[in-house]
1. Considering (1) surrounded by fewer than 21 Cβ atoms within 10 Å (Cβ to Cβ); (2) more than 16 Å from the ligand (Cβ to nearest atom), say which one LEU434 fails and leave the rest.
2. Does ASN211 qualify as being modelled with pLDDT under 85 and either within 16 Å of the ligand (Cβ to nearest atom) or within 30 Å of GLU444 (Cβ to Cβ) (or both)?
3. Picking from SER483, SER546, which residue would you name as being assigned by TED's automatic domain parsing to the domain that holds ASN418 and within 29 Å of GLN427 (Cα to Cα)?
4. What are the pairs, 6+ residues apart or on separate chains, where a residue within the stretch 260-272 that is assigned by TED's automatic domain parsing to the domain that holds ASP505 has its Cβ under 6 Å from a residue that is part of a loop (DSSP other than H, G, I, E, B) and among the aromatic types (Phe, Trp, Tyr)?
5. Filter the stretch 375-402 for residues that are over 22 Å from the mean Cα position of the chain (by Cα), closer than 22 Å to GLY466 by Cβ and either within 16 Å of the ligand (Cβ to nearest atom) or not in a loop (DSSP other than H, G, I, E, B) (or both) and give the result.
6. In the stretch 206-242, which residues are touching a Ser or Thr at 6+ places or on another chain (Cβ under 7 Å) and not hydroxyl-bearing (Ser, Thr, Tyr)?
7. Checking the condition closer than 16 Å to GLU143 by Cα and surrounded by fewer than 16 Cβ atoms within 10 Å (Cβ to Cβ), which residue from ALA5, ALA25 passes?
8. Name the residues in the stretch 234-246 that are of a type outside the set (Ser, Thr, Tyr) and either outside the structural domain of ILE263 (by TED's automatic domain parsing) or assigned to a helix (DSSP H, G or I) (or both), would you?
Amino acid sequence: MNSIARLRKLPPALKGLIFTFMPLAYYLFDKLNYSQAGLSAVLGFFTLTTLFYWRDILPNKRALFSGLLLSFLIIILLNIGFQSTLRDAFGVQQEDVIVVQSIFSTDMAESSEFFIQYARYISLNLALFLGSLVLFWFLFVAEPPSLSVEDKPKIKRYWAAGIVTIVLLAIHFNPTLRKSNPLFYFPENYLRWQADLEEAKQLYAHLAATNSDETLNSMVVSEGVGRRTVVVVIGESDTRNDWSLYGYERETTPLLEKVDGLIVFEDVIAADASTIGSITRMLTPATVEQGELWKEKPSVVVMAQRAGYKVYWVTNQGTEGRGIVSILAGQADRAVFTNRGGSRLEGTLDEAVLDPYRAALNDPAEKKLIFVHILGSHPSYNYRYPRTHAVFEKLYDDAVAERLASQGRSMWEITFRNMYDSAIYYQDYILSQLVNELIDHPNEPAAWLYISDHGQDVAHNSDFSGHNRRAKEMWEVPMLLWSNDHYELPVSDIAALKKRPYQADDLEHAILGLLDIEGGYYDSGLDIFSADYDLGRNFPRHLRGSGLDYR
Ligand SMILES: [Zn+2]
């Protein structure tokens, strides 16, 4: 009892600090990510500390401030529980576009369904919420009035109270912190949602129209094609310039080098230099020249389904890339989101895709198209690999590091390159697992394709690392094809095939070719794997917004 009394006598700032242990515990048990926990801790600390100060200073308003303390405690803890439930149940963050959409557009029937389906997560988080609330309330809010307060010099307390109040208001000028405050989250997102809704309505209307697209009815599987599995793996921020398979000095791709029969394409240029720009151009009839066509024409997901394929979409990307990527996933027969970080800036390692990928391979459906969308080497590079694969991290004396140093790159940039190469090295493990799983399914025709959405500039040209449209490394991507003995490739001259110059905005033709689908949206002249591939029609390649004259 004595120690509880002593706890209750703690100065306001320490009581506020003790509150921050709660979000910290959520973080340590992986129930919140570090930014969610950090934001809740900052918000909770300043709000509660401010109220504790004023309650001490104004003892005759004690009931009011205790009431405010209890209310804010409930709001902040409920918000933590809300975020933790979203993370447990769906692996998403509250600012993700699907969450915002579903909160504000869900009707009552849907919400009761939601509560039943996710009762396990909700009840766990509710219990945690009540436990933390009662504990903190009992220790600090419900304390009996402290009699010594009025003896102390008031002026210092006013100063302290004034300062924390000002800081509390000031931190709300930071948009990230303001959005994390539940009092602002709901109104701000309501407005954003209303604006998005209008845009989304138009987009969905366009896309719904693509379902009744006339040409779609012509898409059919060629005669005599039976069982078939085609896997399309889409990489992220992966430049072939850092692959040993393409001649890089560091051994970044040892496992892929051991895969028998892998066709390594030597001259492939990304469709665009951004994720959305590239994915829309690769997986729909949109091209470099007609970039908006994806809003009017069906995607390759819909085309494959129409021809009788079961389509899977397994992704480790977050859903903050609003719009098309979620739409493509939504079009698939089965979509699995593996990223529990919510944002591409942190997040789950790519090995999370392996289990759902295996499940898709084991699905007995006769014709399957499986998309796997990995995080690859997206910034921040150091979040893309486990410690076991941090092999280049501290390498400052090999040929690559010395060349960069002799080019005048800073230590910082060499470190970025080292982390990037470690991410490529880990990705080599992921890609080889994905292809080897398919190799272990030997009984039916199968093909496997890998291409990255775009590359990356990692101190290749200057003291800069990141997305850089003007760098050729941003456009030069790896592309790999593997197929088994039951699968007959349309071209037999592999040596010539892998040298074909290509830009990936026509990739949907290549995928349709692998699926053996013909019809109005398939053009063998644009299919790099076809014997009819017409080099002239893929030229000149155009690196949008780069200023590069690439042939
Ligand atoms: Zn990207």
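The values are calculated or read from the model by the stated rules, or taken from the named source; none is laboratory data. Since the model is a prediction, treat every value here as computed from it, not as a measurement. All Cβ positions, even for glycine, are placed from backbone atoms using ideal geometry, and neighbour counts span all protein chains on display.
1. Of (1) surrounded by fewer than 21 Cβ atoms within 10 Å (Cβ to Cβ); (2) more than 16 Å from the ligand (Cβ to nearest atom), only one is false for LEU434: (1).
2. yes
3. SER483
4. Short answer, once both residue conditions are applied: ILE269/TRP475; ALA270/TRP475.
5. Listed by number, the residues that qualify are VAL400, ALA401.
6. GLY235, GLU236, ASP238, ASP242
7. Unique residue meeting the criteria: ALA5.
8. The answer is ARG240, ASN241, ASP242, LEU245.
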